[in-house]
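The values are calculated or read from the model by the stated rules, or taken from the named source; none is laboratory data. Keep in mind the model is a prediction, meaning the values are calculated, not measured. No Cβ is skipped: glycine too gets one built from the backbone with ideal geometry, and neighbour counts run over all protein chains shown. In case anyone asks, the SASA skips ligands and DNA or RNA and just uses the protein heavy atoms, side chains included. Shrake-Rupley method; radii C 1.70, N 1.55, O 1.52, S 1.80 Å.
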Amino acid sequence: MGIERGFVTVLVLFDFSKAFDSLSHSVILTCLRDLGFGDTALRWMRSFLSDRSQSIVGLDGQASQLEYTTSGVPQGISLGPILFIIVINTLFSRLHYCRDTTIIFADDTQFYLSTPISRIGETVGRLNSDIARLVGWSHDFGLTLNTRKTQAIIIGSAQNLATIRTLTVPHDIVGSERIPYSNQVKDLGIIISCDLSWNRHVNSISSKVHNILYRLKFRGSFLPPSIKLQIVNSLVIPHLDYASLVIADLSGYLNTKLQRLQNSALRFIYRLRRDERLTPFRRKANWLSILSRRHYFLGSLTHQIITTNQPLYLSFKFIPIDNSLRRSSRIHSSNFTLPTPRTNIFARSFWITAIQYWNSLPRSMQNLSSASSFRSHLLASLLAAEPL
């Protein structure tokens, strides 16, 4: 939305050093008490966290002497991340400017603010003000920010980025360290470029998939197709599917590049020549093409948003065309208001493409309230639409 309004967005991505291991047990109990947990629950949690020990296995295979731990949340169980989230959510109360523009996923924390270019200095100053509060909060809660892994980027249109390069933009400051602005950052495995192009991210996917297939050709070429299909579904397809809706606005060139990766995987599974038709074997593998796979995920997520009103930050954007339908009583089969985009980037955004795709679905499919039933009908429809 920043680019749509002619703004640039300053994004800072923070990294905590050993966050799950550093959290003090007393801090966790204090946060639970502040949330209203009673004495019985707090005693149970203290018992759960205390008297834990750990040792380290050296290169020689020998374990060190057991030592008791006084900090850290147990990992490998569902309660560990929940406790960490309870603690890190207290950060919001400290912030002034980024309270509504802070994104937290476990120990990955990000601040961003959008601004006209004329006010970028003031905006960076506001970011630095909240970064100082983040540093203070981290110190109070026994956590350490890793400035070497902290990243900053300015995102905008090509025209605005060209203007930015002619200016002296203040740096983001973490503690006493200046964080340089990068042309690209890595966020939860996604490479984000300053102009929101996906060339570098697709190149990264291509490198990973080619490396996996290269190794498989030497070690697994003798396996039967059924086993190779399972291996590829486990090792290759997740790279092609991961965050596919984030990069839904791929250019035709980049989409073709991803499709060629899927084609290479099919040739490996079924030992096909380069000039052999792939569509019958894609059907045999029960695969959709790359573009149809994105449509499948797009339809599935849109159905979830409409039927559950979750997540709220996406749900409120889906406004029925018939304004007399209240959100609490809207029917699944209603079409939704399509905003008029000003820029190509916004026109290819999730919000616009999701509404366009939903409105294009037949009413019989829109009316399906069961998520599993909707997905099965959507998959069948997409498979039937694949070229023969």
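Miscellaneous remarks
- For residue 154: the one exception among (1) open to solvent by 40 Å² or more (accessible area, probe 1.4 Å); (2) of a type in the set (A, V, I, L, M, F, W, C); (3) assigned to a strand (DSSP E or B): (1)
- For the range 362-388, filtering for residues that are charged (D, E, K, R) and either under 27 Å from the mean Cα position of the chain (by Cα) or assigned to a helix (DSSP H, G or I) (or both) leaves 2.
- Residues that are open to solvent by less than 100 Å² (accessible area, probe 1.4 Å), within 15 Å of residue 26 (Cα to Cα) and at pLDDT 80 or above, drawn from the range 36-52: 37, 41, 42, 45, 47, 48, 49, 50
Residue by residue, here is whether (1) touching a His at 6+ places or on another chain (Cβ under 9 Å); (2) within 30 Å of residue 270 (Cα to Cα); (3) modelled with pLDDT under 90; (4) open to solvent by less than 20 Å² (accessible area, probe 1.4 Å) holds:
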residue: 126; (1), (2), (3), (4): yes, no, no, no
residue: 137; (1), (2), (3), (4): no, no, no, yes
residue: 168; (1), (2), (3), (4): no, no, yes, no
residue: 175; (1), (2), (3), (4): no, no, yes, no
residue: 187; (1), (2), (3), (4): no, no, no, no
residue: 202; (1), (2), (3), (4): no, yes, no, yes
residue: 208; (1), (2), (3), (4): yes, yes, no, no
residue: 217; (1), (2), (3), (4): no, yes, yes, no
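- Any chance residue 96 is open to solvent by 40 Å² or more (accessible area, probe 1.4 Å) and in contact with a helix residue (DSSP H, G or I) (Cβ under 7 Å, 6 or more places away or on another chain): yes
- Evaluation of residue 133 against (1) open to solvent by 40 Å² or more (accessible area, probe 1.4 Å); (2) out of contact with any His (no Cβ under 9 Å at 6 or more places or on another chain); (3) closer than 24 Å to residue 84 by Cα (one fails), failing number: (2)
- Positions within the range 210-262 being in contact with a strand residue (DSSP E or B) (Cβ under 8 Å, 6 or more places away or on another chain) and either farther than 16 Å from residue 190 by Cα or of a type in the set (Lys, Arg) (or both), in sequence order: none
- Among the residues of the range 349-361, those identified as of a type in the set (Phe, Trp, Tyr) and either open to solvent by 20 Å² or more (accessible area, probe 1.4 Å) or part of a loop (DSSP other than H, G, I, E, B) (or both) are 350, 351, 357.
- The condition (being among the hydroxyl-bearing types (Ser, Thr, Tyr) and touching a residue at least 60 places away in the same chain (Cβ under 8 Å)) is satisfied by just one residue among 144, 166: 144.
- Residue match in the range 53-73 (condition: open to solvent by 40 Å² or more (accessible area, probe 1.4 Å), within 30 Å of residue 129 (Cα to Cα) and touching a residue at least 40 places away in the same chain (Cβ under 8 Å)): yes
- Any hit, the range 91-103, residues being charged (D, E, K, R) and either at positive phi or in contact (Cβ under 8 Å) with a residue 40 or more places away in the chain (or both): yes
- Within the range 243-263, residues that are at positive phi sit with their Cβ atoms under 7 Å from residues that are outside any loop (DSSP other than H, G, I, E, B), at 6+ positions apart or across chains, in these pairs: 243/190.
- Subset of the range 289-321 that is over 17 Å from the mean Cα position of the chain (by Cα) and either surrounded by fewer than 12 Cβ atoms within 10 Å (Cβ to Cβ) or of a type in the set (Val, Ile, Thr) (or both) - its residue that is nearest to residue 357 (Cα to Cα): 306
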